[in-house]
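J.: Submitted below is the structure of interest, expressed as structure tokens.
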Amino acid sequence: MSGSPPAGIDVARAMESVPRELTVYCPILLPGNPFDVDSIERQAVEWCAEHGLGRPGRAAATMDAAVGITSALPSASESMVVASTRYFYWGALLDDFWDTLSGDLPRLAAHAGELQRALFAAPTAPLPRNDLWAAGLRDLRAQFAAVLGTSCFAALQHENAVWLNGQLWYAAARRRESPPEVGEYLRMRWVNSGVGTLIPFTAAAAGCRGLDAWQLGDPVVRAFAEAVMFTCALLNDLFSIAKELVTGTAATNLYSVLAQAEGLDTAACLVKGWQLYERLVALVVRLQRQLLADPRPDVALLAGDLPNWIPAAIAWASTTSRYVRVDHEGQHTRFTPPALVVSETPTIWDPENLTPPPYPEIAWWWSTIGP
């Protein structure tokens, strides 16, 4: 299935269907960014080079990740945003590396096990020789332990393992002759996107040092957290579609899955996905208001800061060189993303309409809405 455009998506029409100007619904306002973004970015890129994971100046190794990280974590320490930006690079570059191994599931599964061990085993436990990814993650482990605190570090260990497992699921889906159904895609996208790994950084920066797995597993807290971060994943799907059409991985993008499963043409599937994005933002706003009044202090703190990831994702995904400049099989391709107009008003969906979408995999989030 990989290596060619998915059925229902025409490459030329996909590019033509993205407007030159795009109005993005986002009523969540970011506080000012207190960081030297260029300095944070430079420290992350240099860390990747030092660990042999990328060379500065390459499209894959310079993706302006600090723009999104620093915007989403304005109350974090500099050491925390440096560690999280390095981790973002590590994960994005690993994702690209694993794309080249997608046909070798046994090798991917073994590597996933080694990487889980690098974060869970004792810091002095030996690592496999010449595994740059395991060595990089072991180095990051020490940085995480210094900035996250016990409960948030444990949450990161869990979410990192979930993401690695999701990457295996994604690799298996890519080997099939046809893309996954919408339901499976929605189940897979949460775990394969890795967005859950960002939650512990927000929790630690907000002062939620006692936020444990029990509270994060509470239905309304989990629904809120998943809705926020899944919204970011949908933004990623929109802005990465051009890159994925070039690299042959677009068959497992939301928009191509919708086109295949629901018989939609290119323009219709983009509208359908965008409608889902606006419905999710409306849900996030409602659940945030609900949780800000929660008697559990850590839950209220998380509710206040976690939605920062949505405008941060808009700022990053719409400008990063990762999605506008693609180096693949010796070919260099550039795209012009649409100019964004951020609006507090949606263009497709009525934000007062909190009817759940027709997908049970995520519809349960709406059932947690309280009075």
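J.: Based on what the data block shows, is Arg42 closer than 17 Å to Gly166 by Cα, open to solvent by 30 Å² or more (accessible area, probe 1.4 Å), basic (Lys, Arg) and not in a loop (DSSP other than H, G, I, E, B)? Reasoning before the result, please.
T.: Working: closer than 17 Å to Gly166 by Cα: no; open to solvent by 30 Å² or more (accessible area, probe 1.4 Å): yes; basic (Lys, Arg): yes; not in a loop (DSSP other than H, G, I, E, B): yes.
Taking the combined requirement at face value, the residue does not satisfy it.
J.: Now for a separate question. At least 3 residues that are buried (at least 16 other Cβ atoms within 10 Å of the Cβ) in each: list the helices (runs of 4 or more DSSP H) lying fully within region 157-228 that qualify. Working first, answer last.
T.: Numbers: elements: 182-193, 199-206, 213-216.
Where helices (runs of 4 or more DSSP H) fall fully within region 157-228 and carry at least 3 residues being buried (at least 16 other Cβ atoms within 10 Å of the Cβ), they are 182-193, 199-206.
J.: To continue, here is another question. Ala134: in contact with a Pro (Cβ under 9 Å, 6 or more places away or on another chain) and at pLDDT 95 or above, yes or no? Explain how you work it out, then say what you get.
T.: Numbers: in contact with a Pro (Cβ under 9 Å, 6 or more places away or on another chain): yes; at pLDDT 95 or above: yes.
Against the criterion (in contact with a Pro (Cβ under 9 Å, 6 or more places away or on another chain) and at pLDDT 95 or above), Ala134 qualifies.
J.: A further question follows. Can you confirm whether region 151-161 contains a residue that is modelled with pLDDT of 95 or more, closer than 22 Å to Glu50 by Cα and touching a helix residue (DSSP H, G or I) at 6+ places or on another chain (Cβ under 9 Å)?
T.: no
J.: Restricting attention to region 68-104, report how many residues are open to solvent by 50 Å² or more (accessible area, probe 1.4 Å) and outside any loop (DSSP other than H, G, I, E, B). Talk me through it step by step, then tell me what you get.
T.: Initially, region 68-104 is screened for residues open to solvent by 50 Å² or more (accessible area, probe 1.4 Å), giving 75, 77-79, 88, 97, 100, 103-104.
Restricting the remaining residues to those that are outside any loop (DSSP other than H, G, I, E, B) gives 78-79, 88, 97.
Qualifying residue count, region 68-104: 4.
J.: If you take the residues in region 15-53 that are modelled with pLDDT of 85 or more and charged (D, E, K, R), which one is farthest from the chain's Cα centre (by Cα)?
T.: Glu50
J.: Among Val246, Val281, Val285, which is the only one that is modelled with pLDDT of 95 or more, of a type in the set (A, V, I, L, M, F, W, C) and in contact with a strand residue (DSSP E or B) (Cβ under 6 Å, 6 or more places away or on another chain)?
T.: Matching residue, one of Val246, Val281, Val285: Val281.
J.: What residue, among those in region 269-278 that are surrounded by fewer than 24 Cβ atoms within 10 Å (Cβ to Cβ), in contact with a helix residue (DSSP H, G or I) (Cβ under 8 Å, 6 or more places away or on another chain) and hydrophobic (A, V, I, L, M, F, W, C), is modelled with the lowest pLDDT?
T.: Looking at the filtered set, the residue picked out is Leu270.
J.: For region 297-320, check the following and say yes or no: at least one residue is closer than 20 Å to Asp64 by Cβ, aliphatic (A, V, I, L, M), modelled with pLDDT under 95 and out of contact with any Ser or Thr (no Cβ under 8 Å at 6 or more places or on another chain).
T.: Looking for residues that are closer than 20 Å to Asp64 by Cβ, aliphatic (A, V, I, L, M), modelled with pLDDT under 95 and out of contact with any Ser or Thr (no Cβ under 8 Å at 6 or more places or on another chain), one finds at least one in region 297-320, hence yes.
J.: Suppose we filter Arg189, Arg176, Arg209 for residues that are modelled with pLDDT under 95, touching a Ser or Thr at 6+ places or on another chain (Cβ under 7 Å) and among the basic types (Lys, Arg); which single one remains?
T.: Arg209 is the lone residue from the list that is modelled with pLDDT under 95, touching a Ser or Thr at 6+ places or on another chain (Cβ under 7 Å) and among the basic types (Lys, Arg).
J.: Moving to a separate point now. Under the condition of being open to solvent by less than 20 Å² (accessible area, probe 1.4 Å) and modelled with pLDDT of 90 or more, which residue from region 327-362 is farthest from Gln290 (Cα to Cα)? Don't jump to the end; show me each part of the working.
T.: Within region 327-362, the subset open to solvent by less than 20 Å² (accessible area, probe 1.4 Å) is 338, 357, 362.
Those left that are additionally modelled with pLDDT of 90 or more: 357, 362.
Values: Pro357: 20, Ile362: 19 Å.
Selected residue: Pro357.
J.: Here's something else I'd like to know. Val324 versus (1) modelled with pLDDT of 90 or more; (2) within 30 Å of Glu41 (Cβ to Cβ): which is the lone unmet condition?
T.: Checking Val324 against (1) modelled with pLDDT of 90 or more; (2) within 30 Å of Glu41 (Cβ to Cβ), the one that fails is (1).
The values are calculated or read from the model by the stated rules, or taken from the named source; none is laboratory data. None of these values were measured; they are calculated from a predicted model. Virtual Cβ from ideal backbone geometry, glycine too; neighbours counted across all protein chains shown. Side chains included, ligands, DNA and RNA excluded: accessible areas come from the protein's heavy atoms. Shrake-Rupley method; radii C 1.70, N 1.55, O 1.52, S 1.80 Å.
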